[in-house]
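The values are calculated or read from the model by the stated rules, or taken from the named source; none is laboratory data. Here the structure is a predicted model, which means the values were calculated and not measured. Every residue, glycine among them, receives a Cβ derived from its backbone with ideal geometry; neighbour counts consider all protein chains shown.
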């Protein structure tokens, strides 16, 4: 039997094998041009579709899946949420061989469960480009409801590798695009100037609930989808999958309740709510009643866009979007939660299981009717009468108690550095951590403490865990748990698999790639036939969070040129900077440094390097330390320290091989408005400079500045 899919074919066949049904799919992975509103981009798709086709099985089947890689680079497929042999899990170089260019890989595994799951590439950033699809496993008995799969995703017209690189250099271009830069001008207009000052005093950038600007949000590959086959009064089971790279979605159904009946593929006791947030990679099955005019809405958490699913005969009039977030209220809350040293304050709150949403201070639909600063308690109706789902409301219909064997307890602290976009567990990346050895049959209890300002959807491969949520023997089973800022949550699972390495990581793609995760390894695991050289393969896994990212800027102004080029990774930085005058009096200079970031927040950098400069001058003078000032003639090797002070002022103290000292203070970016930025510098050699830039695009700014050596200049600055 064949199904026509876009320009290519998805081949499906079934046959009886020892009274067991084997279902075969052929997935053809190709680079495909995808167009949205006149824009196109080369994207990774399966059979030309974004998202890729749905795969359907029945519990008890055997999955036989041929993945044909027609691209010029390798790929992989991970079967998210499935219980399967370790070598079929699909993490390249860890559990499964990568699928090389122009080759075919065969996955075969028994279907041991039912529910709503999905699959996606686990290779680099391919998931962001569209390589994902739904994996639906039906129960043996017929469903009492009509069903529809709702695969949500985020889409950027920008190359994902540029997104990732930009995040590591603290770009605020995405905040500009969202209207969320929280600049000083806006703070003054809205009465939050003190809040902005305090925020930067604590060395925190402007707040956002998500990091990336997306041009659109999709439901089954479309901005909106119409399903006229459903009739008013019918109940429909929607299998909701958040297949996005980094976006949380608010799910709402105006005019009616949403009944949650399953989470991460596992049934829960039905619970009625007005809305719920679905974390990155989570799935929920919900039941809604079709109305005369009804639309199921998925709104991005930052409320910059939404995807609509129309049910039945709709008049086509979309409901009002969720109102814009109150970012300064969020910033005010964040100031109270964070210490000057960059750690989370102990505010004496018992927070867990999404029950208290600290971000609710930013929700106009709630705070408009509540006291300023009041936090929403999910589950009970809030001040606006809205019932929001939280994990404590989920209850398994069956007992989920673990075997009566001892528990081993682990405590993981979720940590991160937003300024440099380094995300860690216990302040270590995956490559900096040892694999965690576990024994088959033992019970593992994990206490997760989120000591960062971001949510983290933590996903465990190949296992389900119990969420310790007060439901006792009926605690729900999940494989993804969203940990909100300041929360402490507990999960537990039985090490029931036979062998292998199993990934536990944050499912925000850019967090995972920067190193936020752990690897569980069963003791005495046999050799993996998919990984013939495990030592070399593990180095490939560790390479992901060790990668270097290139950044820089080039000033082209009337008084000369200056700029810098930086190559940096999680812990190391190689930087060179220069200033070129238009004549000998203006001179030229260049400095290069190799530095190591120190500390959890990486406010401190220790470096070694060299400094060369020449400028035609007459006479000599002393610097602030009483030493001969060598700012016009210098060729030295130096050692130094850079430290980021409050308000993002960088103090740089160094000594060169001649014994001369230099102290410099600078601030690179003072956001006067969303696009107008000021900067300044002064050092102990009595050099100083100040200027302004107006952001035109992500890569170009108009600029003007004065330099004590080069004079006044105006022109352009190119950013990368």
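Just checking, does the range 213-224 include any residue being within 16 Å of residue 326 (Cα to Cα) and in contact with a helix residue (DSSP H, G or I) (Cβ under 7 Å, 6 or more places away or on another chain)?
Checked against the condition, which is being within 16 Å of residue 326 (Cα to Cα) and in contact with a helix residue (DSSP H, G or I) (Cβ under 7 Å, 6 or more places away or on another chain), the range 213-224 yields no hits at all.
Which one of 152, 188 is out of contact with any helix residue (DSSP H, G or I) (no Cβ under 8 Å at 6 or more places or on another chain), modelled with pLDDT of 90 or more and farther than 30 Å from residue 65 by Cβ? Before the answer, list the steps.
Working: 152 fails: farther than 30 Å from residue 65 by Cβ.
Just one listed residue meets the conditions, 188.
Being surrounded by 16 or more Cβ atoms within 10 Å (Cβ to Cβ) and within 28 Å of the chain's Cα centre (by Cα) is the filter; apply it to the range 676-710 and report the residue that is nearest to residue 645 (Cα to Cα).
677
Filter the range 630-655 down to residues that are touching a strand residue (DSSP E or B) at 6+ places or on another chain (Cβ under 6 Å) and assigned to a loop (DSSP other than H, G, I, E, B) and give me whichever is surrounded by the fewest Cβ atoms within 10 Å (Cβ to Cβ).
Step by step, filter the range 630-655, then rank; the result is 645.
Quick one: would you say residue 639 is over 30 Å from residue 453 (Cα atoms) and free of Cβ contacts under 8 Å to residues at least 24 places away in the same chain?
On the way: over 30 Å from residue 453 (Cα atoms): yes; free of Cβ contacts under 8 Å to residues at least 24 places away in the same chain: no.
For residue 639, the condition - over 30 Å from residue 453 (Cα atoms) and free of Cβ contacts under 8 Å to residues at least 24 places away in the same chain - is not met.
Testing residue 470 on (1) touching a helix residue (DSSP H, G or I) at 6+ places or on another chain (Cβ under 9 Å); (2) under 25 Å from residue 331 (Cβ atoms), one condition comes back false. Which one is that?
All conditions are met except number (2).
Just the residues that are touching a helix residue (DSSP H, G or I) at 6+ places or on another chain (Cβ under 7 Å) and within 17 Å of residue 413 (Cβ to Cβ), please, taken from the range 428-467.
429, 430, 453, 456
Is it true that some residue in the range 591-601 is in the same structural domain as residue 642 (by TED's automatic domain parsing), closer than 29 Å to residue 692 by Cβ and free of Cβ contacts under 8 Å to residues at least 40 places away in the same chain?
Yes, that holds for at least one residue.
Residues that are assigned by TED's automatic domain parsing to the domain that holds residue 621, in a strand (DSSP E or B) and in contact with a helix residue (DSSP H, G or I) (Cβ under 9 Å, 6 or more places away or on another chain): does the range 702-715 have at least one? Full working, then the answer.
Let us first name the residues in the range 702-715 that are assigned by TED's automatic domain parsing to the domain that holds residue 621, namely 702-715.
Adding the requirement that they be in a strand (DSSP E or B) leaves 702-707, 711-715.
Right, trim to in contact with a helix residue (DSSP H, G or I) (Cβ under 9 Å, 6 or more places away or on another chain) and you get none.
No; the residues of the range 702-715 include none that is assigned by TED's automatic domain parsing to the domain that holds residue 621, in a strand (DSSP E or B) and in contact with a helix residue (DSSP H, G or I) (Cβ under 9 Å, 6 or more places away or on another chain).
Can you tell me how many residues within the range 112-137 are over 15 Å from the mean Cα position of the chain (by Cα), farther than 17 Å from residue 219 by Cβ and part of a loop (DSSP other than H, G, I, E, B)?
Result for the range 112-137: 6.
Of the conditions (1) in a loop (DSSP other than H, G, I, E, B); (2) under 29 Å from residue 262 (Cβ atoms); (3) modelled with pLDDT under 95, residue 90 clears all except one; give me its number.
(3)
Examine the range 572-594 for a residue that is under 30 Å from residue 122 (Cα atoms) and either surrounded by fewer than 18 Cβ atoms within 10 Å (Cβ to Cβ) or in contact with a helix residue (DSSP H, G or I) (Cβ under 6 Å, 6 or more places away or on another chain) (or both), and state whether such a residue exists.
Applying the first criterion (under 30 Å from residue 122 (Cα atoms)) to the range 572-594 yields 572-574.
Checking which are either surrounded by fewer than 18 Cβ atoms within 10 Å (Cβ to Cβ) or in contact with a helix residue (DSSP H, G or I) (Cβ under 6 Å, 6 or more places away or on another chain) (or both) leaves us with 572, 574.
Checking the range 572-594: at least one residue is under 30 Å from residue 122 (Cα atoms) and either surrounded by fewer than 18 Cβ atoms within 10 Å (Cβ to Cβ) or in contact with a helix residue (DSSP H, G or I) (Cβ under 6 Å, 6 or more places away or on another chain) (or both).
Being modelled with pLDDT under 90, over 45 Å from the mean Cα position of the chain (by Cα) and assigned to a loop (DSSP other than H, G, I, E, B): is that true of residue 601 here? Outline the logic, then answer.
Working: modelled with pLDDT under 90: yes; over 45 Å from the mean Cα position of the chain (by Cα): no; assigned to a loop (DSSP other than H, G, I, E, B): yes.
It is false that residue 601 is modelled with pLDDT under 90, over 45 Å from the mean Cα position of the chain (by Cα) and assigned to a loop (DSSP other than H, G, I, E, B).
Would you mention how many residues in the range 261-272 are crowded, with 22+ Cβ neighbours inside 10 Å and either modelled with pLDDT under 95 or assigned to a strand (DSSP E or B) (or both)?
Start the filter on the range 261-272 by keeping residues that are crowded, with 22+ Cβ neighbours inside 10 Å, which leaves 262-266, 268.
Cutting the leftovers down to either modelled with pLDDT under 95 or assigned to a strand (DSSP E or B) (or both) gives us 262-263, 266, 268.
Total satisfying the criteria: 4.
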